[in-house]
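All remarks here apply to the structure that follows.
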Ligand code: HAM
């Protein structure tokens, strides 16, 4: 019997992994200029962290979590997102006692039991930022700027930022009643999930993707009409700062997002180059989460983006097409003795030159083909004559030019230096 990877969890083979590394480097570069520090949290948490943090009524908790008992019967969950974990770490390590304001970022796999399709998988990868410890609307705008800065670096266009404010907990309570009044008369025509959501949290109905529910969702009143004075002022400031920075956005009055911890600002960045799964990233404020999970009252804001989708879009737009960087040197060996080749490779590699050998005892013709396949910039053939004389001919593969050189690291290094 052959083995296959688990459905919805795929291998990233070397050709594609190169693209992932490029993308991760861009994320790290943007995090650096905005002064976000990396945090690495475990892939598993106690199930309760997510059910409490994300909310029992959400699809993520209700249907999509990978939860298993461990050997002692404790329920553990493969993380479906990282915000709850970051907040847990912030509280557990008392980060707030040293410095209550923390700007953090992460990159890593997340797990959701969803129906796999293009741009949606069960093990997917997110990069995200969390700015914990300030209520300033300028911080919401900084977090949104991180997203835009990354998109600009990646040269992505045809994007739009959907923005809304869902207000504080008191506003939610008011808005929930408004939504119950609105949806109540139509419930019999709506999907079973929405009937459940109506009881548990009618905000979730606004996230329903079923066709039958759309007419009732489209006519629902927007959340921003029900904000208290503080939340309305916060939202106005966020918009004013975004305008000042020239960051465009569309107000989406019914954007609520799929996780229960959000308060005030919520946003999503969507790409016209993606199909049904068009959200490149999403986030917002979660001013009550730290306290809800047992920490001191601490406002926070963040977002996370799906890397799988980003790689897909960038690949489709040909952004990864730049030529394979290739290796610096291929050492072709003739005969059995590979001591000289190994010694030369070791010395050059120590100095940062990328070198490879055949290792398969193949003839010269096949080794030359291999050098080409690897995109080698230089070739050196080592036979008995070279071993005896200590000199060889270094060939520049692009120009065909050959240079006689002493077979020593110091003599070869200047000739192998990359000019790109
Ligand atoms: P989220 O909207 O659930 O938010 O996920 C953020 C992004 O992750 C989505 O916009 C999408 O790009 C990607 N994503 C989600 N599920 C999948 C999937 N099954 N396959 C591929 N990509 C997926 C959060 O996770 C929040 N923690 C964001 C946040 C951080 N809010 C505040 N801070």
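Points worth noting:
- Helices (runs of 4 or more DSSP H) wholly inside the range 1-104 that include at least 1 residues being under 22 Å from residue 305 (Cβ atoms): 14-33, 47-54, 59-63, 83-92
- Yes/no for residue 313 being modelled with pLDDT under 95 and touching a strand residue (DSSP E or B) at 6+ places or on another chain (Cβ under 7 Å): yes
- Residue within the range 113-122 that is farther than 22 Å from residue 8 by Cα and at pLDDT 95 or above present: no
- When 139, 203, 163 are checked against the criterion of being within 13 Å of the ligand (Cβ to nearest atom) and either assigned to a helix (DSSP H, G or I) or touching a residue at least 12 places away in the same chain (Cβ under 8 Å) (or both), a single residue qualifies: 139.
So that you can scan it fast, the table gives a plain yes or no per residue for (1) in contact with a helix residue (DSSP H, G or I) (Cβ under 6 Å, 6 or more places away or on another chain); (2) under 25 Å from residue 204 (Cα atoms):
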position: 77; (1), (2): yes, yes
position: 81; (1), (2): no, yes
position: 102; (1), (2): yes, no
position: 117; (1), (2): no, yes
position: 127; (1), (2): yes, yes
position: 153; (1), (2): yes, no
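- Taken together, 19, 25, 35 contain a single residue that is away from the ligand (no atom under 15 Å from the Cβ), within 21 Å of residue 150 (Cβ to Cβ) and touching a helix residue (DSSP H, G or I) at 6+ places or on another chain (Cβ under 6 Å), which is 19.
- Residue that is modelled with the lowest pLDDT, among those in the range 242-273 that are touching a helix residue (DSSP H, G or I) at 6+ places or on another chain (Cβ under 6 Å) and either within 9 Å of the ligand (Cβ to nearest atom) or not assigned by TED's automatic domain parsing to the domain that holds residue 232 (or both): 258
- The residue list 52, 88, 122 contains one member that is buried (at least 17 other Cβ atoms within 10 Å of the Cβ) and either within 12 Å of the ligand (Cβ to nearest atom) or without any contact (Cβ under 8 Å) to a residue 24 or more places away in the chain (or both), which is 122.
- Those residues of the range 371-396 which are within 42 Å of the chain's Cα centre (by Cα) and buried (at least 18 other Cβ atoms within 10 Å of the Cβ), in sequence order: 371, 376, 377, 378, 379, 380, 395
The values are calculated or read from the model by the stated rules, or taken from the named source; none is laboratory data. Just so we're clear, the structure is a prediction, and the values are computed from it rather than from any experiment. Note: ideal-geometry Cβ built from the backbone for every residue, glycine included; neighbour counts use all protein chains shown.
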